[in-house]
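Just so you know, all these numbers are worked out from the coordinates, no wet-lab data involved. This structure is a prediction, so every number in the text was calculated from the model and none was measured. Neighbour counts run over all protein chains shown; Cβ positions are idealised from the backbone, glycine included.
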Amino acid sequence: MKYIIVEMTNPQTGVKKEIPVIFGEDLVHREMAEAVGRHIRRELKCAPKTVSAGFVHQNLRTGDLFCRGRSESLNMASRDEDTYLLARTIGS
């Protein structure tokens, strides 16, 4: 699986929040980032920014998910904190 992390800033409070978006290998990071960005601008009325991208892997022994690699289409790499953010979001 692939993923992007999108940062959104609440226009009223200035509070920033990062949201992971996971999607299939057949899709392109750049196209997903553009589609998610359009949706957030239209529905949430804020300007999103993609801050990292890569691939989600699973440890076959433990079942834990982890983020690694980079997106060539966005010229962006995964970050160490992406694994924690993804685990916290999906509750594992």
Neighbourhood charge, 11 Å Cβ-Cβ cut-off, centred on S73 and excluding it, Lys, Arg +1 and Asp, Glu -1: 0
Given an 8 Å cut-off on Cα distances and at least 6 residues of separation, report the relative contact order of the stretch 2-90 as a percent. 28
Where does the chain land on Rg(C-alpha)/(2.2 N^0.38 Å)? 1.09
Any idea how far apart A77 and R38 come out in nm if each label point goes 7 Å out from Cα toward Cβ? 3.1
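Determine the sum of side-chain charges near Y84: Lys and Arg each +1, Asp and Glu each -1, restricted to other residues whose C-beta is under 14 angstrom from that of Y84. Display every interim value, and only then the final one.
Working: positive: R68, R79, R88; negative: E18, D64, D80, E81, D82.
Taking every other residue near Y84 into account, the sum is -2.
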Where a Cα-Cα gap under 18 Å defines reach, which lysines qualify for K45, not counting those fewer than 8 residues away within the same chain? K16, K17
Among N75, Q12, G91, flag the residue with its Cα farthest along the positive direction of the charge dipole of the chain, charges on Cβ as +1 for Lys/Arg and -1 for Asp/Glu. Q12
Report the gain in length on full extension from M1 to N59: 0.36 nm times residue separation, minus Cα-Cα distance, nm rounded to one decimal. 19.6 nm
If each of K45 and K17 carries a label point 7 Å out from its Cα toward its Cβ, how far apart are those two points in nm? 1.5
